[in-house]
Amino acid sequence: MLHFDNRFARLPGHFYTRQPPQGIPDPHWVSVNRDAAALLDLDAADFDSPALLAALSGNTVLPGSEPLAMIYSGHQFGHYNPQLGDGRGLLIGEVNGTHGRFDLHLKGAGMTPYSRQGDGRAVLRSSIREYLASEALHALGIPTTRALAITGSHLPVYREEVETAAIVTRLARTHIRFGHFEFFFYTKQHDALKQLADHAIALYFPEFAGQPDQYALFLQQVTHRTASLIAHWQAYGFAHGVLNTDNMSILGETFDFGPYGFLDDYEPGFICNHSDHAGRYAFDQQPGIGLWNLNAFAHALSPLIAIEDLKRILGEYQAVLTQRYATLMRARLGFQQEDAGDQQLLADWLDLMAESKVDYTQCFRSLCDDNQHASLRNDFVQREAFDHWLTRYRARREQEAGSVDEHRMAMQRTNPQYILRNYLAQQAIEKAGHGDFSEVDRLLAVLKNPFDERPGFEAYAEPPPSWGKELQISCSS
């Protein structure tokens with residue numbers, strides 16, 4: 001069924017603890033992601049088999065699988081926490097398929113030595129949120145882990161209230177985090193730190209292996225990928241919510257979804273995590289936090305890299321992020337060529353949007369079509385300022401090759417019609433809580449094609465109702 005080649009499991013035992021998953025009783029499928037399944041060479045018949053349901057609900061171990069809980073540490077809300085690790089998840093193996101290699105990870109598979117005071121479980125609510133978010137980001141072209149399936153159970157799990165257990169099966173090219181390196185640095189296991197760096201380079205950056213400056217090149221790649229990832233988040237209005245270093249992938253993929261949120265009204269200081277009282281992880285703070293986390297990662301690599309190289313590489317972060325963000329936003333405005341005035345034009349547009357708190361996604365989508373500019377104007381408080389900006393925008397657009405219709409179609413390919421709004425996820429969660437999983441699948445289908453207008457799905461593109469803007473999302477899962 002699946003072909004495993006578990007390279008992380010070949011590392012010595014101090015990198016993890018081997019243990020089988022603790023399954024959920026009487027499991028059932030909540031949703032299966034056929035696109036992700038194809039990455040592992042799985043087809044529909046495989047999901048008709050009770051064997052796969054048993055394995056992805058933690059009740060059996062697949063042949064070739066070597067379940068293990070990884071050990072790591074990290075900085076959480078700016079403070080170092082030495083007691084982390086996979087507390088409710090297990091890396092069950094690395095699948096080697098025709099579409100590449102992917103870690104297969106069960107999130108919610110029971111207690112491990114790193115569970116601290118936790119029960120090792122995930123709830124249906126958070127599992128649905130991660131499942132939908134990872135696929136929504138992927139469809140937008142944002143680097144991310146993927147989600148294969150959700151299995152559910154009537155097993156009660158106690159959070160703020162009693163919920164039911166679920167397991168989401170996550171796919172990732174790696175589960176190695178910044179926090180892995182921090183653990184071995186702060187515990188002064190520098191030989192293990194070097195071994196982990198060698199492992200990561202050999203598997204994910206083989207072009208650097210054996211070079212005299214391989215560790216510096218490794219840090220540089222992680223720095224550039226992280227900068228590019230956060231540029232994508234800022235361009236598409238995604239707030240992660242918990243940017244701790246243990247939630248940062250060395251491959252620059254969106255990792256560990258918790259109280260995330262896409263912007264509804266454009267508020268640069270948007271805080272999606274109601275536990276983040278100081279706003280450390282607010283939307284507009286993400287670029288700076290990305291660099292903060294990279295500094296922590298670089299500090300962990302300091303036994304391997306000269307201080308001058310650490311400073312030089314970290315100094316590249318801002319330029320990479322700025323350039324990538326500018327390219328993405330230029331495309332969202334419909335410009336292919338760079339112009340000296342583009343940065344100011346964009347800044348003025350975002351200022352207008354913030355002043356009027358217009359819907360971030362819908363505003364850019366309406367900008368694509370000249371026929372919608374009149375109605376878009378009504379969303380702005382300062383309409384004369386909007387008119388002035390629109391005149392400048394159209395004059396700039398005329399510098400580009402192509403007709404108005406060609407620009408509209410190009411812009412619609414970069415400005416989504418649909419995003420995963422929190423209230424849409426909440427509606428799917430509430431139905432799933434009553435045993436109706438159809439809205440999870442329906443919403444997934446919409447999010448997989450975010451740029452295409454779909455008759456009958458117009459409601460999914462609407463801004464949220466007032467209650468939908470007031471949802472409180474926490475870290476609990």
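The values are calculated or read from the model by the stated rules, or taken from the named source; none is laboratory data. Computed from a predicted structure; not experimentally measured. Because the Cβ atoms are built from the backbone with ideal geometry, glycine has one as well, and the counts that use them run over all protein chains shown. SASA here: full protein model, heavy atoms, side chains in, ligands and nucleic acids out. Shrake-Rupley method; radii C 1.70, N 1.55, O 1.52, S 1.80 Å.
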| remark: Exactly one of ARG177, ARG173, ARG225 is under 30 Å from LEU53 (Cα atoms) and open to solvent by 50 Å² or more (accessible area, probe 1.4 Å), and that residue is ARG173
| Can you list the strands (runs of 3 or more DSSP E) found entirely within segment 69-143 that contain at least 2 residues being over 16 Å from GLY258 (Cα atoms) and β-branched (Val, Ile, Thr)? | 89-97
| request: Restrict the check to segment 203-220 and report whether at least one residue is part of a helix (DSSP H, G or I) and within 30 Å of MET353 (Cα to Cα). | output: no
| said: Name the residue that is surrounded by the most Cβ atoms within 10 Å (Cβ to Cβ), counting only residues in segment 330-365 that are touching a residue at least 12 places away in the same chain (Cβ under 8 Å), of a type in the set (S, T, N, Q) and part of a helix (DSSP H, G or I). | reply: THR361
| note | Per the filter on segment 244-262, residues part of a loop (DSSP other than H, G, I, E, B), touching a strand residue (DSSP E or B) at 6+ places or on another chain (Cβ under 7 Å) and closer than 27 Å to GLU462 by Cα are TYR260
| request: Determine which member of the set ALA139, ALA122 is of a type outside the set (Phe, Trp, Tyr), at pLDDT 95 or above and within 16 Å of GLY23 (Cα to Cα). | output: ALA122
| Tally, over segment 228-243, of residues that are outside any helix (DSSP H, G or I) and either at positive phi or open to solvent by less than 10 Å² (accessible area, probe 1.4 Å) (or both) | 6
| Looking at this structure, is ALA385 assigned to a helix (DSSP H, G or I), of a type in the set (Gly, Ala, Ser) and farther than 14 Å from MET329 by Cα? | yes
| How do the pairs read when you match residues in segment 293-317 that are in a helix (DSSP H, G or I) with residues anywhere that are open to solvent by 60 Å² or more (accessible area, probe 1.4 Å) and not polar (S, T, N, Q), using Cβ under 6 Å and keeping only pairs 6 or more apart or on different chains? | none
| said: Which count do you get for residues in segment 388-401 that are free of Cβ contacts under 8 Å to residues at least 40 places away in the same chain and surrounded by 13 or more Cβ atoms within 10 Å (Cβ to Cβ)? | reply: 2
| Residue in segment 199-209 that is under 25 Å from ALA139 (Cβ atoms) and open to solvent by 20 Å² or more (accessible area, probe 1.4 Å) present | yes
| Quick one: is ALA139 open to solvent by 10 Å² or more (accessible area, probe 1.4 Å) and under 22 Å from ARG225 (Cα atoms)? | yes
| task | Could you list, in sequence order, all residues of segment 65-76 that are open to solvent by 10 Å² or more (accessible area, probe 1.4 Å) and either closer than 17 Å to TYR16 by Cβ or modelled with pLDDT under 95 (or both)? | result | SER65, GLU66, PRO67, ILE71, TYR72
| said: Just the residues that are open to solvent by 50 Å² or more (accessible area, probe 1.4 Å), closer than 23 Å to ALA192 by Cα and not hydroxyl-bearing (Ser, Thr, Tyr), please, taken from segment 80-101. | reply: PRO82, GLN83
| Is it fair to say LEU56 is open to solvent by less than 40 Å² (accessible area, probe 1.4 Å), closer than 29 Å to TYR114 by Cα and either touching a Ser or Thr at 6+ places or on another chain (Cβ under 7 Å) or among the aliphatic types (A, V, I, L, M) (or both)? | yes
| Of all residues in segment 1-50, how many are under 22 Å from SER134 (Cβ atoms) and basic (Lys, Arg)? | 1
